[in-house]
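Shown next, in structure tokens, is the structure this report addresses.
The values are calculated or read from the model by the stated rules, or taken from the named source; none is laboratory data. If you're wondering where the values come from, they're calculated on a predicted model, not measured in any experiment. All Cβ positions, glycine included, derive from the backbone under ideal geometry; neighbour counts span all protein chains shown.
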Amino acid sequence: MLELGYSVAHTAYSEECMITAEVIADTPVFCDYQTLDKFYPNARFIYLQRSLDLWLPSIRQLLQRMFVNLTRFDGGFNPILKRCYKSTFSTASHPLSLENIAQDDFLIECYKQHQQGIENYFRGRGDDLLVINISEPDSYKSLLNFLKLDKPIKHFIKLNVGGKVIAWNKVRDPLKVDSNLKSNNFENKNLNNNNLENKNHKFLQSISA
């Protein structure tokens with residue numbers, strides 16, 4: 001999305017970041033898409049699909065690496081990230097735990113629960129939601145069509161291999177937006193709808209690892 005000329009935040013933990021970035025690529029969008037859709041009435045969403053056989057070992061490895069910092073009470077990850085992961089990777093009868101992370105059935109239930117929620121919420125809103133699998137050859141073209149951009153068709157670059165979500169840290173681009181810009185936690189602020197109505201944000205939202 002940086003290559004397409006959008007200002008991008010990988011995660012957004014402040015009100016200023018939410019307002020400044022045109023694209024939010026991860027937290028909190030995958031969890032809070034319904035709330036953000038109301039705050040940003042012109043927003044469009046992109047759901048990244050991935051086959052379960054590839055997703056399961058990847059997400060398990062990621063959650064196992066993140067677990068201590070997701071569940072500790074004396075620091076760890078940003079509180080918004082903790083809330084989003086605990087919400088997404090919990091079911092009615094099973095919370096996020098190392099024991100549950102080790103079970104395919106638990107992760108599959110989380111996957112289907114999230115996918116069904118998106119399908120139900122965006123039903124009949126094909127102009128607002130793009131569903132793509134970036135491993136498929138026509139996925140980049142589908143993205144350009146969705147964004148109504150006349151750009152050369154390329155292929156998505158594969159990053160974050162091996163369960164390490166660190167590639168974004170190495171990106172140097174003037175359009176990259178700091179996740180904690182001005183560090184005012186947007187969850188504790190009353191967002192000004194007058195500032196948000198005209199923002200045509202494109203939220204990239206994904207449950208994949």
Review point. Within the stretch 65-86, is even one residue under 23 Å from H10 (Cα atoms), in contact (Cβ under 8 Å) with a residue 12 or more places away in the chain and in a loop (DSSP other than H, G, I, E, B)?
Key: yes
Review point. Listed residues Y85, Y111; which is surrounded by 18 or more Cβ atoms within 10 Å (Cβ to Cβ) and under 13 Å from F67 (Cα atoms)?
Key: Y85
Check your understanding: When you scan the stretch 39-57, how many residues do you find that are surrounded by fewer than 18 Cβ atoms within 10 Å (Cβ to Cβ) and hydroxyl-bearing (S, T, Y)?
Key -> 1
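Quick check on the stretch 43-64. Is at least one of its residues of a type in the set (K, R) and touching an Asp or Glu at 6+ places or on another chain (Cβ under 9 Å)?
Within the stretch 43-64, the subset of a type in the set (K, R) is 44, 50, 60.
Restricting the remaining residues to those that are touching an Asp or Glu at 6+ places or on another chain (Cβ under 9 Å) gives 44, 60.
Within the stretch 43-64, one or more residues are of a type in the set (K, R) and touching an Asp or Glu at 6+ places or on another chain (Cβ under 9 Å).
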Review point. Between residues in the stretch 1-14 that are modelled with pLDDT under 90 and residues that are surrounded by fewer than 18 Cβ atoms within 10 Å (Cβ to Cβ), which pairs lie under 6 Å by C-beta distance while being six or more apart or on different chains?
Key: L2/D173; L2/L175
Review point. Among the residues of the stretch 61-75, which ones are out of contact with any Gly (no Cβ under 7 Å at 6 or more places or on another chain) and surrounded by 15 or more Cβ atoms within 10 Å (Cβ to Cβ)?
Key: L63, M66, F67, T71
Point to revise | Counted residues, the stretch 25-49 - those being β-branched (V, I, T) and either part of a helix (DSSP H, G or I) or in contact with a His (Cβ under 7 Å, 6 or more places away or on another chain) (or both) | key: 2
Review point. What number of residues within the stretch 119-133 satisfy the criterion of being assigned to a loop (DSSP other than H, G, I, E, B) and under 20 Å from K148 (Cα atoms)?
Key: 7
Exercise for review: Could you check Y6 against (1) closer than 21 Å to H155 by Cα; (2) among the hydroxyl-bearing types (S, T, Y); (3) over 17 Å from the mean Cα position of the chain (by Cα) and say which number it fails?
Suggested key: (3)
Revision key, fill the gap. The residue that is surrounded by the fewest Cβ atoms within 10 Å (Cβ to Cβ), considering only those in the stretch 1-24 that are part of a strand (DSSP E or B) and either polar (S, T, N, Q) or in contact with a Cys (Cβ under 9 Å, 6 or more places away or on another chain) (or both), is A9
